[in-house]
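Worksheet for the structure shown next.
Just so it is clear, none of the values below were taken in a lab; they were calculated from the coordinates. This is a predicted model, so every value here is computed, not measured. Note: ideal-geometry Cβ built from the backbone for every residue, glycine included; neighbour counts use all protein chains shown.
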Amino acid sequence: MPKFSELTEQEVLALAIASEEEDARIYAEYADGLKENYPASAQVFEQMVEEENGHRRRLIELYRANFGEHIPLVRRQDVKGFVARKPLWRLRPLGLDTVRKQAETMEYETRHFYECAAARTTNAGIRKLLGDLAMAERGHESLASKLTELHVTPDAAREEEETRRRMFILRVVQPGLAGLMDGSVSTLAPLFAAAFATHSTWETFLVGLAASIGAGVSMGFAEAMSDDGALTGRGHPWLRGLITGLMTTIGGVGHTLPYLIGDFRLATGIAIAVVLVELWAIAWIRARYMDTRFLQAAFEVVVGGLIVFGTGILIGSA
């Protein structure tokens with residue numbers, strides 16, 4: 001799978017054409033899924049389809065002028081650095097908030113792609129068109145405000161503030177939350193299995209520390225290697241990996257540290273209290289940044305945590 005930096009100008013244009021066509025089809029599906037409950041929002045997406053088709057036609061005309069009639073098939077999934085579009089359009093009925101967030105991400109990624117492509121091309125005509133399309137995609141980022149004004153609240157937030165918030169969530173909150181959830185939940189089973197199997201606070205501490213650091217390293221590398229961020233705007237991969245790995249380790253170490261106390265019952269009681277605080281923090285972050293209802297988030301996190309916690313106790317007591 002080639003990197004974006006390895007593509008020729010011909011392949012970059014072919015990729016842009018395929019991307020515009022795919023985005024237009026996704027927006028058409030959004031329009032179809034929203035028209036029953038949100039007809040005004042569906043019209044917004046129908047207009048987006050027309051604009052994306054216009055971009056595609058301009059790209060094809062430029063491609064013909066420079067490279068002829070044959071357009072090679074270069075798709076997002078063929079290039080390292082692109083992330084696949086989530087198949088939200090398959091869900092019925094479509095939720096307005098869900099669609100809005102996905103559309104925001106799509107427009108930001110497309111604009112970032114055009115900016116990167118324009119920066120590395122040497123053809124003046126291609127550079128101009130890619131720059132124009134980047135500016136057009138920047139205008140599309142106001143889609144969230146349009147939908148908000150129509151169906152959520154009359155006071156739409158400023159576009160720049162919303163963009164910064166989205167990018168903060170994309171680059172910091174999401175990888176950090178993924179790490180915290182993994183570290184807090186996945187280490188419960190080995191920690192409490194060791195605790196109830198040995199009744200030794202020191203041995204339990206060593207098991208928990210090893211599990212926490214091991215999970216942090218694994219999650220950090222997994223996040224860093226999942227997407228290089230060059231085209232999606234998700235930030236430097238190693239920074240995301242560092243955030244994920246660090247939060248994973250913190251999530252596991254939090255309920256491991258109490259076992260530095262020599263009294264087994266006291267250490268276990270404090271560890272369980274720390275686990276409850278961790279699960280509450282995860283639920284709060286999900287409710288605060290992921291637009292999930294707190295009670296729903298708390299229920300999901302607590303149920304998952306209790307299952308893993310119970311598994312560890314059962315295995316340790318066997």
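The share of alpha-carbon pairs in segment 169-317 lying farther apart than 27 Å comes to 24%.
Note on A124/L73: beta-carbon distance plugged into 1/(1 + (r/R0)^6) with R0 of 22 Å gives a FRET efficiency of 0.25.
Would you mind getting me the FRET efficiency between I272 and F221? Use the beta-carbon distance for r and R0 = 22 Å, nearest 0.05. The calculated FRET efficiency here is 0.10. Once a ≥ b ≥ c are taken as the square roots of the eigenvalues of the Cα gyration tensor of segment 16-66, is the result rounded (a/c under 1.5), prolate (a/b larger than b/c) or oblate (a/b not larger than b/c)? Prolate, because a/c is 1.5 or more and a/b exceeds b/c. Beyond 27 Å in Cα-Cα separation lie the following of the pairs K80/K128; K35/K80; K3/K35: K35/K80; K3/K35.
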